[in-house]
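These notes concern the structure reproduced below.
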Amino acid sequence: MSRPQQDAMPPRRRKTCLFCADKVDYIDYKDPNKLRKFVTERGKILPRRISGNCASHQRTLSQAIKRSRDIALLAYAAEG
C-alpha cells in the first residue's frame, strides 16, 4: 500500500528569516513600508510559519508593528 500522493511531492524548502539574511539587528518601527509586508490586508500580524521569521525577530517585529500602530504609521484594521 504505497501512497502515490506523498511520494510524488518534493520536500518543502524551509523559509529563511529575512532579517537574519540581511543581518538586521534592529527593526525600525518608523519604517511602515517594511512593516506592511508582515501585516495582512485585514491588519493582522502574519505568524511565523507564514512569514518565515525566526522567533527572536518575530517578537521584535510584532513589537515594532504595535509601536507603529500607536503613533498612527500603520492602521489597526482595514478601511472600508
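If the condition is being out of contact with any Leu (no Cβ under 8 Å at 6 or more places or on another chain), assigned to a helix (DSSP H, G or I) and either surrounded by 14 or more Cβ atoms within 10 Å (Cβ to Cβ) or of a type in the set (Asp, Glu) (or both), then region 11-29 contributes only Leu18.
Output yes when any residue across region 30-50 is part of a loop (DSSP other than H, G, I, E, B), surrounded by 14 or more Cβ atoms within 10 Å (Cβ to Cβ), at pLDDT 95 or above and not hydroxyl-bearing (Ser, Thr, Tyr), and no when none is. Yes, region 30-50 contains a residue that is part of a loop (DSSP other than H, G, I, E, B), surrounded by 14 or more Cβ atoms within 10 Å (Cβ to Cβ), at pLDDT 95 or above and not hydroxyl-bearing (Ser, Thr, Tyr). The set of residues in region 64-80 being surrounded by 12 or more Cβ atoms within 10 Å (Cβ to Cβ), out of contact with any helix residue (DSSP H, G or I) (no Cβ under 7 Å at 6 or more places or on another chain) and touching a residue at least 24 places away in the same chain (Cβ under 8 Å) consists of Arg67, Ala75. Name the residues in region 62-78 that are more than 12 Å from Gly43 (Cβ to Cβ) and part of a loop (DSSP other than H, G, I, E, B), would you? Answer for region 62-78, where residues must be more than 12 Å from Gly43 (Cβ to Cβ) and part of a loop (DSSP other than H, G, I, E, B): Ile71, Ala72, Leu73. What do you reckon, is Ala8 of a type in the set (A, V, I, L, M), at pLDDT 95 or above and loosely packed, with under 12 Cβ neighbours inside 10 Å? So Ala8 fails the test.
The values are calculated or read from the model by the stated rules, or taken from the named source; none is laboratory data. Here the structure is a predicted model, which is why all the values come from computation and not from measurement. Neighbour counts run over all protein chains shown; Cβ positions are idealised from the backbone, glycine included.
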